[in-house]
Structure formats: C-alpha cells, structure tokens
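Enquirer: Please read through the structure below; I'll follow up with questions.
The values are calculated or read from the model by the stated rules, or taken from the named source; none is laboratory data. Since the structure is predicted, the reported quantities are computational estimates derived from the model, not experimental observations. Reconstructed Cβ throughout: ideal geometry from the backbone, glycine too, with neighbour counts over all protein chains shown. Heavy atoms of the whole protein, side chains included, go into the accessibility calculation; ligands, DNA and RNA do not. Shrake-Rupley method; radii C 1.70, N 1.55, O 1.52, S 1.80 Å.
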Amino acid sequence: MKYLLLLTNLLFFVSPGYSSSLIQEYVTTIDGFRSSSDNSADGNQRDSIRSFSVSRGQANDRMVDQMEVLYYSGQFSKSYEIAKKIKTKSLSTNEYIKFLYLRHRLHVSLGMKRKISRNLLRVSRETKYFHFLASRDEFLDIKKILGQKYKSQFEKIALKLISDYPFTDSSMESFKFLTDKYTKQVIPYRVIAKLARIGTRFPEVKVWVKRAVDEGRVDYGRRLDRTRSRRIRTLLRLKEYDQVISEMSPKLEKKGNTQTKSNMILAKTKALLAKGDTQTALETASEGLTSLGRSRYTLSLWKYYASLLSKIGKFDLASQEQTRIYEVNRSRYTGWRSFWFAYRSGDLDLAEKIVSKRRFRALDRKHPAMKTYWKSKVLWDQGNKQKALVLDRSILERWGDSYYATLVMKRHLRPQDHRTIFSSGDKIIPISESITYPSFDVRRWFGSQSLLVGPRLKSLEKQFSNIRDNTLYWETKYPRPYYNSVADAAKYWGFDPLLTYSFMRAESFYNTHAKSHVGARGLMQIMPYTGHNISREISDSSFRPTDLFNPDISIYYGSFYISKLLNYYKGNLFQAVAAYNAGPLKVDEWKARCELCPDDVFVDSIPFRETRRYVKKVLKNYTLYKRIYESKLIPDLFMSEGLAANPSKKVY
C-alpha cells in the first residue's frame, strides 16, 4: 500500500505562492486546500484515485500543511510541536522533502545547533540531509551557524553546490571554501574531477585546477596505473591536449611493458583526436598496434582504433577489426559492435550470422526487444519478409509498450494511419486492404489484444481487475500533474503538451525537488547555465537557479527549450530528445557521422549509454501518453507541424 500511496500522491503536487496577506485565508481553508489548488487534468479522475489513499498518510500530509502555515506566520514553536508528531514514513516523497526543509528552517530559526549538527551526520529516509541543504542553497546559513566545525560535511555540500558556479552566492562561497581548505594540502581526486568539469567553462577554476595538477598536489590513488590514467583524464577535461601529447611522446621512447605503452598511445591518440587531427590520431593508433601487436594487453587501444575507423566512415575496416576483437574478448559490448559495424558496412550476411547466435546479447540490457528488432531489421533489408514478420509479431506480443514496438508499428502503418486509431467507444477503425503495403494490419491486430500490451506496474496490479483495459490504472501510472501550466506553455511555444509530460517523467518522475549529481534541477531537470541562457533570451532578469524548483518556471523554461530544439533539428524528435540530454554540440557531432541514417540507426549509434537510453525512454513515454489520453496507436515521431515560429540558430 505504501507504493500505491507514493504513486497516487504524485498526482497531487501543490506549489502555493505564500504571502503574509494570504496566511489567514490559508489557515481557514486548510482542509479544502489540496482539492481546490491541485493543478491536475481531470477532477473526477483525481477524486477516484484519492479513494485509494491511506487515511493515515492524508492526516500526516495535512499536518505538514499546518506546520508550513504556522512557520510562515512566525509561530515557530507551535510549528515545531506539530513537526515532532508527524510520522514521516507515511509521507509521500514530495511531502517528505517539504517536511525536511521546513524542519531545517525551524532548527535555524530556533537556534538548535545540536539538531543541525546531528542531521548533518545522519542519513535520512530518502537521501542525505545535506542534499536538501544543497538543493535549497543553504550553504551560507549553515556556515554562519556552525562555523568550521564540520569540514567534511561542508565539503560534501560544497561539491554539490559547485555545480551552480558562478550563478549563486553559495556556489561562489563553496569554491572559496574548497580553495581555502586545499591551499597547501593534498587534494582528493574526487574534488579535482568535479572542478575540472567546471573549469572547461570558467578560466579561474581551470587555472586553480591546472596549478594543483602541475604542482603534484592531487591524490589520484595508490596504484601507479590509476594515477597515470586519472592525471591524463584530468588534463583532457581541462583541454590541455598539447601537454598530454608532449608528456606522452618522450615516455613512449623509453622501455616499458606492453599494456603501459598501449595506454600511453591511447592517451596521445585521444588528445590528437580532440585537437581535430583525425588522420594523425588514426596513424598513431595504427602504428602502435603494429609495433605492440593485437592482443588482450592492447585491447583498449585496439577497440579505440576500430571506433576511429567507424567515425570516419570506414565501416568495412572497422568490422574486420571488431570481429577479431570479439575473438579475444567476448563481452556484450564487443559482440554488439561486431554486429553493428557489419550492419553499417552493408555486410548483411555477416550481420545476420552474428545476431542469430544464441550467445549474442544486445547492447542495452533494459531493452530486451533490441536484439529481436535488429534481427528483424536485417531480415527486412535482406528481403526475407516472412521471417521478419514473425519477429515483428513477437515484439508486439512480448514488449508491446516498448520503444522498439513503436518502431515496428511505424514500419507497418501508413502515414495517415498514425493519427486515427480509435473511434468513439474505443473500437478499432478498419483500414482497406492494399497490395502496396504488407498484409500485416497492425491496427486490427492491436485492437484484438487490448488497450495496452506489455509489462504492468506490480504495485497497482492488485487494485484493479482487467488491468490492461482499466483507464484509471494507466492514468494513474502516467498522470498529468500541473496540467494548466503544461498546457499553457506548450500552446504558447507551439507543440504537444503530452511531449512535455514525456520529458518530465523521464527527467524527474514528477518530483519538483529533484536535483541530479551534475546540478540539473526541478521537474524538467534544467542546468543553471541553460536556465541563465533561457532567461536572457526570454528577458527574465529576475531569474535565479533556485527558481528551477518552482514547477511553473521549470515547465515554462523546459517547454521553451524543447520548442527551440525541435525547431533547430527541423522537427526531428529523435535528435531533439538526444540534444535535451547530451547537448546540441554532441548531437551535431553524432549527426555529422550519421547524416543519412534512419532514426532508429541514429539512436542506437549514440555512444553515450545514458543518452541512448534516455531517448528510448522519452519516446516510449510519449507513445503511451498518446495512447492513453488521445487513443492514438503511435504519435507522429517527426513533429512536422505546429512548431514555434522564428527559431534562433544558436542553441546551448
């Protein structure tokens, strides 16, 4: 039941803007506040889902509301008395985060230093206490209260807040705290790695990190090989490519074991490639493999060489190298690349032979349909439609709500059929038989199955009978919180509001307090740097990074950025979603290597596992949202109309 409560509470996000003049009115209407201010799509649906809530959880949620009212009205002691009575285990995630923040502010207001220090050293239910302090920009307040007593805890908070540098006062103070602490001390690698990422944009940070590396004040670890690799990684992050090349060249002339020399050549190759000298990088890697030999001791360099060949379009040579690598190292990754390079080189017989092996495993473990889909794709390209059709049916039957099932449906549907799937009464609209299209009628088959096909949410399964066709189940699993804000922003920027929910579910799972390890925050997980660029473009001079925790601002900024990316990539949803996660510079680089690729090939060519999975997750979410709320089998994945006008060429 606690999982049910957690999920149903996701529909009831409340983001009131309190002011002193409204406190009294809020107190008098506390019992009816949640139902009157809930910004959801369907009141009847909300009332139905609310009936599944546990009464104890509702009582605790009301107590958190009362605690909040008393705090903002200045009655700190009474608010703290209520806080002590709240049973936190029955709170939803959103209410628990609010409770933690209010309790912390009460400790500060009442001067409870011991309580604050205990919380700094303790792990809370959902996450560590300092995570909330960092997300709420509380570094300065804590330092003023506790001074320098808890340096190790302050360092953890500072390393989280430094992601916002230099857009907040606390991030500036965090950088000052770290530089003061490690003026003469040995610096842990975790600190240098964090600052090196920021140093690519801000010269003052880069200078400090570079000086520490050159002076040898960085603790890379005890192992010598790890020390070398981490030092090189730091210099590459700082874009000190010439220094890496100059350091590696004399070392390669000295004697050393094969694996060490291979790693040095690899570092030099990466630096040359980063400088843009692709041909020299290719020659360096080739000469290194020739002199050291192709073996398990040179495996990293060998893999990188095959990858370099694929980057310049020589897939036939890359396929030959990767096939030999697979004989030495039979991992999931090398097996997939053997198939991929063979397929991209046009050697369909070899690709079909590799993918048909029993031991062959697809690249993404979270997408079991991946292997079957690409085996089917190879068979279609070979002209073996009968076998391919059997595999397509198996994908729809076993993984009907997956990303790859959407691609299968897109393969068999005509363009005009994407938008008209269900008529009134949820009955399938038949289509006329056509000789020019395959005999497999996806829409009629899909209608004979159920509303949705595929895995079901186990925590809600017992609450419903006939779960696949139960609309309330699917609307609970894929809710539409903050509907008015999402709809208004999507209408203003000119695209489908359900696409915003698809991003929101993948980014934060509807959690307004979400903050990633790299600093992205809020419902739409926008980085402070991106937020500042958006604020300048829409002339919002009052923007602060902490505003991204405000649902309305996060939705508005995220919708603007989605619209901008869709315009930049001319409506290509695959590329726009990838750019939202990895950034347009990386996507432009991948697009240049795969300029004429179909969209499915482009997605599985993305070298970043996080981005590759993210694209599939968002597109899956979008497909299901369209089925649930608009009765469309699949969305128009190319978004060719209804985009915002006058797109800017600059995208960040």
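Enquirer: In what order, largest first, do S559, S77, S345 sit by accessible area if the probe radius is 1.4 Å? It would help to have the intermediate numbers written out before the result.
Expert: On the way: S559 0, S77 80, S345 45 Å².
Highest to lowest solvent-accessible surface, that is S77, S345, S559.
Enquirer: What residues qualify as long-range amide H neighbours of I526, i.e. H under 5 Å apart, gap of 5 or more or another chain, H built at 1.01 Å from N?
Expert: Amide H to amide H, under 5 Å and 5 or more residues apart or across chains, I526 pairs with R521.
Enquirer: What residues have an amide H closer than 5 Å to that of D219, excluding those fewer than 5 places away on the same chain, when H is modeled at 1.01 Å from N in the peptide plane?
Expert: The list, which skips near neighbours in sequence, is I187, Y189.
Enquirer: Could you sort I562, I82 by their accessible area in this structure, using a 1.4 Å probe and putting the largest first? Walk me through the intermediate numbers first.
Expert: On the way: I562 5, I82 30 Å².
Reading off the accessible areas and sorting them downward yields I82, I562.
Enquirer: Further question: Quick check: with the 1.4 Å probe, what order do R217, R201, R359, R521 take by accessible area, largest first?
Expert: Solvent-accessible surface, decreasing: R359, R201, R217, R521.
Enquirer: Given the whole protein assembly as supplied and a 1.4 Å probe, what does the accessible area of W380 come to in Å², nearest 10?
Expert: 50
Enquirer: Rounded to the nearest 10 Å², what accessible area does D214 have for a 1.4 Å probe in the complete protein model?
Expert: Taking all protein chains as shown, D214 has close to 80 Å².
Enquirer: Can I ask one more? So if I take the alpha carbon set of region 286-342, get Rg, then get Rh from the Kirkwood formula, what is the Rg over Rh ratio? Don't skip to the answer; put the middle values down first.
Expert: On the way: Rg = 10.4 Å, Rh = 11.1 Å.
Ratio of gyration radius to Kirkwood radius: 0.94.
Enquirer: Check the straight Cα-Cα distances from K385 and name the lysines below 21 Å, setting aside those fewer than 8 residues away within the same chain.
Expert: K385 reaches K353, K357, K371, K375, K377, K410.
Enquirer: In debye, nearest 20, what is the charge dipole magnitude of region 166-258 about its Cα centre with +1 on Lys and Arg Cβ and -1 on Asp and Glu Cβ, if you could check?
Expert: Working: 23 positive and 12 negative charges, 92 e Å.
Using Cβ point charges on Lys, Arg, Asp and Glu, region 166-258 gives about 440 debye.
Enquirer: Charges at C-beta only: +1 for Lys and Arg, -1 for Asp and Glu. How large is the resulting dipole of region 467-540 about its Cα centre, in Debye rounded to 20?
Expert: The calculated dipole for region 467-540 is roughly 200 debye.
Enquirer: Moving on. Pop out the ³J(HN,Hα) list for region 559-572 in order, Karplus 6.51 cos²θ - 1.76 cosθ + 1.60 with θ = phi - 60°, rounded to Hz; leave Gly and Pro as x.
Expert: For region 559-572, the Karplus curve yields 5, 4, 5, 4, 4, 5, 5, 4, 5, 4, 9, 6, x, 6 Hz.
Enquirer: Among the listed pairs K477/K626; K160/K564; K194/K239, which are separated by more than 20 Å between their Cα atoms?
Expert: From K477/K626; K160/K564; K194/K239, over 20 Å: K160/K564.
Enquirer: With an 8 Å cut-off on Cα pairs and a minimum separation of 6 or more residues, tell me the relative contact order of region 473-526 in percent.
Expert: Reported as a whole number, the value is 22 percent.
Enquirer: Here's another thing I want to ask about it. At 1.4 Å probe size, with no ligands or nucleic acids counted, give the accessible surface of E240 in Å², nearest ten.
Expert: Counting only protein heavy atoms, the figure is 50 Å².
Enquirer: If you roll a 1.4 angstrom probe over the protein chains with everything in place, what fraction of the accessible area of region 517-583 belongs to carbon and sulfur, to the nearest %?
Expert: 47
Enquirer: Report the Cα-based extents of region 255-399 along its three principal axes, largest first, to the nearest Å.
Expert: Here the Cα extents, ordered largest to smallest, are 58, 25, 24 Å.
Enquirer: Determine the relative contact order of region 212-337: mean sequence separation of Cα pairs under 8 Å and six or more apart, normalised by residue count, in whole percent.
Expert: Rounded, it is 16 percent for region 212-337.
Enquirer: What percent does the relative contact order of region 327-391 come to when contacts are Cα pairs within less than 8 Å and at least six residues apart? Before the final figure, lay out the partial values.
Expert: Values: 54 pairs, mean separation 17.4, N = 65.
Once divided by the residue count of region 327-391, the mean separation gives 27 percent.
Enquirer: Next question. Across region 107-118, in residue order, what do the Karplus-derived ³J(HN,Hα) couplings come to in whole Hz, using 6.51 cos²θ - 1.76 cosθ + 1.60 with θ = phi - 60° and x for Gly and Pro?
Expert: Coupling constants for region 107-118: 4, 5, 5, 8, x, 8, 5, 5, 4, 4, 5, 5 Hz.
Enquirer: Further question on the same structure: Using a 10 Å cut-off on Cβ atoms, rank the peptides 158-168, 605-615 from the highest mean neighbour count down.
Expert: Result, highest mean first: 158-168, 605-615.
Enquirer: Residue by residue through region 223-240, what is 3J(HN,Hα) from phi via Karplus (6.51 cos²θ - 1.76 cosθ + 1.60, θ = phi - 60°)? Round to whole Hz and write x for glycine and proline.
Expert: Those phi angles translate into 6, 5, 5, 5, 4, 4, 5, 6, 5, 4, 4, 5, 5, 5, 5, 7, 6, 8 Hz.
Enquirer: Can you grab the distance from the C-alpha centre of region 231-289 to the C-alpha centre of region 471-541, Å, no decimals?
Expert: 42
Enquirer: Another one. Which of rounded, prolate or oblate describes region 522-586 when judged by the alpha-carbon gyration tensor and an a/c cut-off of 1.5?
Expert: prolate
Enquirer: Choose one of I555, G583, N533: the residue whose Cα lies farthest towards the positive end of the charge dipole of region 512-583 (beta-carbon charges +1 Lys, Arg; -1 Asp, Glu; about the Cα centre).
Expert: Towards the positive end, the residue furthest out is G583.
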